[in-house]
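Structure, as structure tokens:
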Amino acid sequence: MKRRILVVEDEAHIADGIRINLDLEGYEAQIAPDGPTALEMYRDFDLIVLDVMLPGIDGLMVCARIRAEGSRVPILFLTARDADNDRIAGLEAGGDDYLTKPFNLRELLLRVRGMFRRLEWYESGRLARERLEFGGCRVNFRTYEGHGPRGPVELTPKELMLLKLLAEHEGEVVTRDQILDAVWGYGAFPTTRTVDNFILRLRKYFEPEPRQPVHFHAYRGAGYKFTGTPQVGEGEDA
Ligand code: CA
């Protein structure tokens, strides 16, 4: 079945260009010219291309409302050039990736393909169907719920993707590049500092003593290793 993509863009020539190219690529694309229409339509789609600058309700607000309604549909933001604030705000509002205008349509297709690839990876394999259990912690990759030493936690899609990647390579060091590629794709978060911050969050959720990790180990300059069985004294910050 064709993947369905909603293009939310008020500039008709840009919207048409995107729609035609997505259709040529084998997707089924439709256009919503403004925020309210997007909010009526989005539930029928597998991915949203969302312009930030929209009349009425802007793209950031549209994204925030979609997330508030509990949807995790992947969202690719289109932002103005040099609008770093938009980019950060978009990712904070729950966007998955962003593209700066003016962009090359080929680049847009690559981003969309990458987002679907990451989604397919997330939904595949043993962990997507079963719960992960380690050291008294539990994680359900379908409901996004977890349980750690300090009680229940609700995880974001990116946190779960990172955890899934590490757990699939249990006992091995996973490099930051592998992580950025599998979880974020090209553009969204080029810094390895982001990965560090996400590791800190996983420790906060699941480590009995986040400052003395026994599951999520960091190796400076190399990457990270997950061990389901608690390992004391592993990694740099052990
Ligand atoms: Ca616009």
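Considering the range 29-50 alone, what residues qualify as being closer than 17 Å to Ala12 by Cα and either within 14 Å of the ligand (Cβ to nearest atom) or aromatic (Phe, Trp, Tyr) (or both)?
Correct list: Ile31, Ala32, Pro33, Asp34, Gly35, Thr37, Ala38, Val49, Leu50.
Residues in the range 197-238 that are farther than 14 Å from Gly171 by Cα and not in a loop (DSSP other than H, G, I, E, B): how many?
Residues that pass the stated criteria total 10.
If we only count helices (runs of 4 or more DSSP H) wholly inside the range 7-93, which ones have 3 or more residues that are over 18 Å from the mean Cα position of the chain (by Cα) and modelled with pLDDT of 95 or more?
Values: elements: 12-24, 35-41, 59-68, 84-92.
Passing ranges, in order: 12-24, 35-41.
Considering only the range 7-27, state which residues are away from the ligand (no atom under 15 Å from the Cβ), surrounded by 15 or more Cβ atoms within 10 Å (Cβ to Cβ) and not hydroxyl-bearing (Ser, Thr, Tyr).
Matches in the range 7-27: Asn21, Leu22, Glu25.
So, of the residues in the range 130-167 that are open to solvent by 60 Å² or more (accessible area, probe 1.4 Å) and in a strand (DSSP E or B), which turns out to be farthest from Pro210 (Cα to Cα)?
Looking at the filtered set, the residue picked out is Arg131.
Looking at the range 168-187, can you tell me whether even one residue there is farther than 30 Å from Asp86 by Cβ, exposed (fewer than 15 other Cβ atoms within 10 Å of the Cβ), without any contact (Cβ under 8 Å) to a residue 40 or more places away in the chain and out of contact with any Lys or Arg (no Cβ under 7 Å at 6 or more places or on another chain)?
no
Could you grab me the full set of residues in the range 117-129 that are outside any helix (DSSP H, G or I) and either modelled with pLDDT under 80 or open to solvent by less than 40 Å² (accessible area, probe 1.4 Å) (or both)?
Applying the first criterion (outside any helix (DSSP H, G or I)) to the range 117-129 yields 123-125.
The one that is outside any helix (DSSP H, G or I) and either modelled with pLDDT under 80 or open to solvent by less than 40 Å² (accessible area, probe 1.4 Å) (or both): Gly125.
Test of understanding: among Ala68, Ala89, which residue is farther than 18 Å from Leu108 by Cβ and without any contact (Cβ under 8 Å) to a residue 24 or more places away in the chain?
From the options Ala68, Ala89, the qualifying one is Ala68.
Of the numbered conditions (1) in contact with a strand residue (DSSP E or B) (Cβ under 8 Å, 6 or more places away or on another chain); (2) open to solvent by 50 Å² or more (accessible area, probe 1.4 Å), Arg72 satisfies every one except a single condition; which is it?
Just one mismatch for Arg72, condition (1).
Can you name the condition, by its number, that Met53 falls short on among (1) more than 13 Å from the ligand (Cβ to nearest atom); (2) of a type outside the set (Gly, Ala, Ser); (3) open to solvent by 50 Å² or more (accessible area, probe 1.4 Å)?
All conditions pass for Met53, except number (1).
Do we have Gly59 as out of contact with any Cys (no Cβ under 7 Å at 6 or more places or on another chain), under 25 Å from Tyr122 (Cβ atoms) and buried (at least 21 other Cβ atoms within 10 Å of the Cβ) here?
Criteria met by Gly59.
Determine, yes or no, whether Gly90 is within 20 Å of Leu202 (Cβ to Cβ) and surrounded by 13 or more Cβ atoms within 10 Å (Cβ to Cβ).
So Gly90 does not fit the description; no.
The values are calculated or read from the model by the stated rules, or taken from the named source; none is laboratory data. Remember, predicted model here, so these are calculated numbers, not experimental data. Methodologically, a virtual Cβ is constructed for each residue, glycine included, from the backbone with ideal geometry; neighbour enumeration extends over all protein chains shown. Just the protein is used for accessible areas: all its heavy atoms, side chains included, with ligands, DNA and RNA removed. Shrake-Rupley method; radii C 1.70, N 1.55, O 1.52, S 1.80 Å.
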